Amino acid sequence: MRNLSRKDKGLNNRDVVVFVFFLFLSFIFWYLNTLGKDIDTGISYPVRFVNLPEDRVLVEDLPSKLNLFLKGPGYSVLKLKLKGNRTPVVIDISTVNYRRVPGSNTLRYYIKTSGLIPKLTNQLKVDCEITSIKPDTLFFSFDRIVTKSVPVTADIDVITERQYFIKGQINIDPDSIIITGPRRIVDTIKTVKTRFKRLAGLNETIKKEILLDNIKDISFSQRRITYTIPVEQFTEAEIQVPIKLLNIPDSIDIKIFPDAVSVRCLVAISDYKRVGEIPFEVVLDFNKVDLHTSEKIPLEVLNVPSFVNSFRFSPAKVDFLIEKKIR
């Protein structure tokens with residue numbers, strides 16, 4: 001009984017395999033027969049637009065695929081579907097009859113896709129007919145290509161060693177470049193930055209190249225610039241500066257205590273000998289003071305040179321004594 005059961009089971013499995021084989025074979029014959037008949041169908045086919053005007057750029061991308069509605073033998077449609085997976089059709093904008101959108105103040109245009117049918121048919125080289133294309137109209141906008149000179153900004157974070165400072169500013173060469181691109185983008189660009197870089201522990205001047213940061217759809221006259229960071233050891237300097245009185249009212253005499261201040265600052269060692277030549281001015285401007293309400297008068301420092309760091313002075317305010325003039 002067991003042997004008979006196994007035998008019946010083996011026959012049933014074989015019958016199923018035979019049935020599936022002939023069913024598949026029937027489907028193949030039916031499909032091949034269908035391919036020989038004319039059909040109406042639609043496919044999405046890749047396209048690529050080339051040869052835009054030299055002084056123009058597209059504001060928005062044209063579609064990468066068009067929906068083609070076809071009529072013809074099934075095998076031709078199948079061939080086209082397989083071909084579309086590998087090779088897009090190329091549309092030369094310079095040979096296309098595109099028109100400006102009526103009433104548009106911008107460079108906005110449109111293309112009737114029905115006018116593309118002969119070009120597509122010639123390139124696809126198939127036996128089926130392209131009856132229509134969707135969308136029936138393609139809208140697009142051009143923008144003018146312009147150039148402009150913009151300054152370069154160093155996006156560099158510098159940390160020096162203790163008692164070392166940047167002497168002056170980071171030098172950039174060149175300090176400006178020419179950028180080229182769509183007007184709508186170029187008009188918004190005020191500066192071009194370098195790629196961000198952090199430098200720590202500097203104790204000497206360095207000079208290196210660095211890439212500029214990319215801006216989409218914008219080309220640069222050059223991709224690299226040279227930056228120089230002047231680093232030098234600093235030391236503290238101290239000088240005494242007399243206080244200069246400005247705009248004293250004619251009706252009074254005034255005395256201030258003290259009449260000079262101590263100015264302390266950090267300067268590069270190479271500039272230390274210049275400290276005595278620094279044209280500091282510590283002033284007291286009576287046009288900015290209310291003598292009736294002030295107990296002490298604040299001082300103001302002028303002409304602080306750029307090579308001075310951590311500038312401070314003491315005292316920041318002075319006492320005063322007012323005497324009326326005797327007439």
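The values are calculated or read from the model by the stated rules, or taken from the named source; none is laboratory data. Keep in mind that what you see is a predicted model, and the values were worked out from it rather than measured. Positions of Cβ are backbone-derived with ideal geometry, glycine not excepted, and every protein chain shown enters the neighbour counts.
When the residues of region 170-198 are filtered to those that are over 16 Å from the mean Cα position of the chain (by Cα) and more than 17 Å from Asp213 (Cβ to Cβ), which remaining residue is surrounded by the fewest Cβ atoms within 10 Å (Cβ to Cβ)?
So, considering only residues that are over 16 Å from the mean Cα position of the chain (by Cα) and more than 17 Å from Asp213 (Cβ to Cβ), the one surrounded by the fewest Cβ atoms within 10 Å (Cβ to Cβ) is Asp173.
Out of the residues in region 282-308 meeting the condition of being loosely packed, with under 11 Cβ neighbours inside 10 Å and over 41 Å from the mean Cα position of the chain (by Cα), tell me which one is nearest to Ala268 (Cα to Cα).
This residue is Asn287.
If only one of Lys134, Lys167 is exposed (fewer than 15 other Cβ atoms within 10 Å of the Cβ) and more than 22 Å from Thr188 (Cβ to Cβ), which one is it?
It is Lys134.
Quickly run through region 134-163 and pick out the residues that are under 19 Å from the mean Cα position of the chain (by Cα) and assigned to a loop (DSSP other than H, G, I, E, B).
Ala154, Asp155
Does Glu236 meet the test of being at pLDDT 80 or above, under 30 Å from Glu204 (Cβ atoms) and either loosely packed, with under 14 Cβ neighbours inside 10 Å or among the β-branched types (Val, Ile, Thr) (or both)?
Yes: the conditions hold for Glu236.
Kindly indicate whether any position in region 244-252 is assigned to a strand (DSSP E or B), out of contact with any Asp or Glu (no Cβ under 7 Å at 6 or more places or on another chain) and acidic (Asp, Glu).
No: region 244-252 contains no residue that is assigned to a strand (DSSP E or B), out of contact with any Asp or Glu (no Cβ under 7 Å at 6 or more places or on another chain) and acidic (Asp, Glu).
Quick check on region 254-265: of everything there that is in a strand (DSSP E or B) and touching an Asp or Glu at 6+ places or on another chain (Cβ under 9 Å), which residue is surrounded by the fewest Cβ atoms within 10 Å (Cβ to Cβ)?
Phe257
Could you please give the count of residues in region 109-131 that are modelled with pLDDT under 85 and part of a strand (DSSP E or B)?
2
Looking for whichever is touching a strand residue (DSSP E or B) at 6+ places or on another chain (Cβ under 6 Å) and at pLDDT below 85 here; the options are Val59, Val47. Which one fits?
Within the list Val59, Val47, the selection yields Val59.
Can you confirm whether Ser251 is loosely packed, with under 12 Cβ neighbours inside 10 Å, more than 50 Å from the chain's Cα centre (by Cα) and touching a residue at least 60 places away in the same chain (Cβ under 8 Å)?
Yes, satisfied.
Name every residue in region 187-210 that is closer than 15 Å to Arg224 by Cβ and among the acidic types (Asp, Glu), in order of residue number.
Scanning region 187-210 gives a single hit, Glu209.
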